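The values are calculated or read from the model by the stated rules, or taken from the named source; none is laboratory data. Note that the coordinates shown come from a computational prediction; the quantities given were computed from them, not determined experimentally. Neighbour counts run over all protein chains shown; Cβ positions are idealised from the backbone, glycine included.
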């Protein structure tokens, strides 16, 4: 089938497909957990089925036969499972995970190149193998219960199955009639359904025919162990009508349609349960105007563009200050004061706008934390280890782009932790630890940064082992005097971890140096700390957003640079005589501690500036626990800047995060504080090499 | 006044494909519902001339929507097209016996959908 849908439609497809896959993943994890208890939540099973089903339909529309086929197989498997023809087993869950992984590969591949495909025959074979063992169908066993066909006629095959399951368990089947104002019936219905779910299963929801210009009534089919009066008591006496369709005791006997409530006289009988009442007020009448879906999916490029415009707007407010100056010079004070007032107003609104656009880009870390659940499950299973993942702060929000870029490094760290950090159950028992280890994944916001912590309670890393290995690999000299922190930092040096000693699972030939570089490219920092026998903790510090930043504008050798203000702790004017040299490194004393200095003029190979009467400026910058002083010639003030990427050709320049527009058509370079600190700290460990 | 078509479908991509297919015919007003509930809301407010529905939707399923429409004197005469995925033959048969007027299988052929719409709406 040809694909003549537009590129836009394709993008939409990829977006929706990714969303579906993401939730499939999550639901499968939940299903996997319940598989261990031998019971599956029908809502989840059904939702997974619908996910596969939608994906099949969508992929078919775009002519992606491979995705459609795989989704079709999954759907078949899930259909047989939800209809009770295939049993819940570890094998089933694993196969479904396998299928989702293949789907992810395919969808991502198509994102790069529409013609991408890959071999999924193994997955298909696994699915077929499970299906071939299925027990086969039989004729409709519901017939035995003699239920009114008007009830059965509107049930999908799946709902029929659920109905049968309820009846098989000896539950009562009731038909509950509720009515709501048309304006907010979904809310009322959701509340009623929630209440009913506490006593049983809501099998179907059928809107009652009749005039619905103001109120609408529904029949809910409920399977429950409770008696009619017990269910009625939940709602109070006469607000709801319940009718028994099948009573467990009377099951399979007569039609058993026994009416327990007076028949409603017309279709608008008030049957609002008291729970729905509070929702009745606000939306009356106007409700239908906002009937269409409440979310929109937006291409991140569009948000970037919007962000850029907002950024430029922020910058152009500088022009007002200039006009102000001119008015002042002209002595037009009364005009000046109204201009100032208008400017302040504009600034406040702009700030709100900027924050608004920024907020739109923010997504909760849950988006990737949830994926980690699966990684943990998969890797620990493959390694025969027991790992409990504790997630904390998943609602912490970060810029969408950062969250996406964080996925790979995080995944790598977690694989590493399970692979190398966490011991086998036997080893743990021998060490007097609980068999199941705990892996903690926690995020929290600290000012303009988000701190993510990945901590295991495994065997830890012995600093002496790291040191010996680094010496053996020629990364440091045997005589080097290294602090504990220096030693742990060696882990991030290129060449420290190599392909041959990393297992297939965690490795894929990627070392921790790549992880560190990935984090650094997001203007972040990573630190490691460990205690032998107790575990290892990695801490990642990231800026919340990359797009618009407040910057400290500095001058070095006649050139202007911007330093992101969120990493500037303070600025100092120091006497050059205060600079001391310790182990060939320049430092100053700052409140009883030693602050290493970094001369930017030297780093960037600029000729140093003429003397300023023996004084110079220092911008103290810090990320996480580390801090250094950047020596600059002059501080020019604070300003909002919009960071723009330098593009791939210049991206390797150490110490530069990007370019920024100052608003007067002047472009300046933005310093990459994380990178500069790396530079300074690397210098530290090289001191004695 | 252009004739109105209600599209009940939970997949936004599928909805926009249906919309673009019908838009190619011009002169119809398209009203989208992301689930059965939204469709129920729209029905009494808009005089809908044709309904297109999916079967597998999260809140009320397509069969329930069909049953509601075809048992309601106000909407009964409105032509109704099911668009659902292959493999749900039983559900399709139920839909047709509940009164649906036509059935298309996803991935549907745009020409086929256009043909049906022209047939029902002239």
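Scanning region A:199-230 for residues that are surrounded by 21 or more Cβ atoms within 10 Å (Cβ to Cβ) and either more than 14 Å from chain B (Cβ to nearest Cβ) or outside any strand (DSSP E or B) (or both) returns A:212, A:222, A:223, A:224.
Which residues, counting only those in region B:55-75, are in contact with a helix residue (DSSP H, G or I) (Cβ under 7 Å, 6 or more places away or on another chain), more than 7 Å from chain A (Cβ to nearest Cβ) and in a helix (DSSP H, G or I)? Answer for region B:55-75, where residues must be in contact with a helix residue (DSSP H, G or I) (Cβ under 7 Å, 6 or more places away or on another chain), more than 7 Å from chain A (Cβ to nearest Cβ) and in a helix (DSSP H, G or I): B:62, B:65, B:66. Taken over region A:82-111, residues that are at pLDDT 85 or above and on the phi > 0 side of the Ramachandran plot amount to 0.
All conditions in (1) at pLDDT 90 or above; (2) over 25 Å from residue A:202 (Cα atoms); (3) part of a helix (DSSP H, G or I); (4) facing another protein chain (nearest Cβ under 8 Å) hold for residue B:17, with the sole exception of (1). Does region A:346-361 contain any residue that is in contact with a helix residue (DSSP H, G or I) (Cβ under 9 Å, 6 or more places away or on another chain), closer than 30 Å to residue A:516 by Cβ and not in a helix (DSSP H, G or I)? So far as region A:346-361 goes, no, none of its residues is in contact with a helix residue (DSSP H, G or I) (Cβ under 9 Å, 6 or more places away or on another chain), closer than 30 Å to residue A:516 by Cβ and not in a helix (DSSP H, G or I). Scanning region A:58-68 for residues that are in contact with a helix residue (DSSP H, G or I) (Cβ under 7 Å, 6 or more places away or on another chain) and part of a helix (DSSP H, G or I), we see that the one that is farthest from the other protein chains (Cβ to nearest Cβ) is A:66. Of all residues in region A:1-13, those satisfying the criterion of being modelled with pLDDT of 80 or more and either within 17 Å of the chain's Cα centre (by Cα) or buried (at least 17 other Cβ atoms within 10 Å of the Cβ) (or both) are A:10, A:12, A:13.
Scanning region B:39-54 for residues that are more than 8 Å from every other protein chain (Cβ to nearest Cβ) and either over 15 Å from residue B:19 (Cα atoms) or part of a loop (DSSP other than H, G, I, E, B) (or both) turns up B:39, B:46, B:47, B:48, B:49, B:54.
When you look at residue A:43, is it more than 13 Å from chain B (Cβ to nearest Cβ) and either surrounded by fewer than 23 Cβ atoms within 10 Å (Cβ to Cβ) or outside any helix (DSSP H, G or I) (or both), yes or no? When the stated conditions are applied, residue A:43 does not pass them. Of the numbered criteria (1) under 30 Å from residue A:64 (Cβ atoms); (2) away from every other protein chain (no Cβ under 13 Å); (3) over 14 Å from the mean Cα position of the chain (by Cα), the one residue B:90 fails is (2).
With a cut-off of at least 2 residues that are crowded, with 18+ Cβ neighbours inside 10 Å and over 39 Å from the mean Cα position of the chain (by Cα), name the strands (runs of 3 or more DSSP E) lying wholly within region A:544-608. Show your work before the answer.
On the way: elements: A:548-556, A:559-564, A:568-575, A:580-582, A:585-590, A:593-599.
The qualifying strands (runs of 3 or more DSSP E) are A:585-590.
Per the listing A:27, A:75, A:19, the residue uniquely modelled with pLDDT of 85 or more and out of contact with any helix residue (DSSP H, G or I) (no Cβ under 9 Å at 6 or more places or on another chain) is A:19. Taken as a whole, the structure places residue A:186 among residues that are free of Cβ contacts under 8 Å to residues at least 40 places away in the same chain, farther than 26 Å from residue A:79 by Cα, within 13 Å of another protein chain (Cβ to nearest Cβ) and in contact with a helix residue (DSSP H, G or I) (Cβ under 9 Å, 6 or more places away or on another chain).
Report whether or not residue A:379 is touching a residue at least 60 places away in the same chain (Cβ under 8 Å) and surrounded by 17 or more Cβ atoms within 10 Å (Cβ to Cβ). When the stated conditions are applied, residue A:379 passes them.
Of everything in region A:69-82 that is facing chain B (nearest Cβ under 8 Å) and in contact (Cβ under 8 Å) with a residue 24 or more places away in the chain, the residue that is surrounded by the most Cβ atoms within 10 Å (Cβ to Cβ) is A:75.
Of all residues in region B:20-34, those satisfying the criterion of being within 11 Å of chain A (Cβ to nearest Cβ), out of contact with any strand residue (DSSP E or B) (no Cβ under 7 Å at 6 or more places or on another chain) and either part of a loop (DSSP other than H, G, I, E, B) or free of Cβ contacts under 8 Å to residues at least 60 places away in the same chain (or both) are B:20, B:34.
Residues that are buried (at least 19 other Cβ atoms within 10 Å of the Cβ) and closer than 15 Å to residue A:594 by Cβ within region A:615-625 comprise just one, A:618.
Rundown of residues vs (1) in contact with a helix residue (DSSP H, G or I) (Cβ under 7 Å, 6 or more places away or on another chain); (2) surrounded by 14 or more Cβ atoms within 10 Å (Cβ to Cβ); (3) at pLDDT below 85, yes/no style:
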site: A:368; (1), (2), (3): yes, yes, no
site: A:395; (1), (2), (3): yes, no, no
site: A:400; (1), (2), (3): yes, yes, yes
site: A:426; (1), (2), (3): no, no, no
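With respect to the conditions (1) modelled with pLDDT under 85; (2) exposed (fewer than 15 other Cβ atoms within 10 Å of the Cβ); (3) assigned to a helix (DSSP H, G or I), residue A:131 lacks only one, and its number is (2).
Report whether or not residue A:391 is assigned to a helix (DSSP H, G or I) and in contact with a strand residue (DSSP E or B) (Cβ under 7 Å, 6 or more places away or on another chain). So residue A:391 does not fit the description; no. Suppose the filter is part of a helix (DSSP H, G or I), crowded, with 23+ Cβ neighbours inside 10 Å and either within 12 Å of chain A (Cβ to nearest Cβ) or within 13 Å of the chain's Cα centre (by Cα) (or both); does residue B:6 pass it? Judged against the criteria, residue B:6 is not a match.
Would you check if residue A:55 is in a helix (DSSP H, G or I), at pLDDT 85 or above and more than 10 Å from chain B (Cβ to nearest Cβ)?
no
Can you name the residue in region B:96-122 that is part of a helix (DSSP H, G or I) and touching a residue at least 24 places away in the same chain (Cβ under 8 Å) and is also nearest to the other protein chains (Cβ to nearest Cβ) among such residues? Per the criteria, the residue is B:110.
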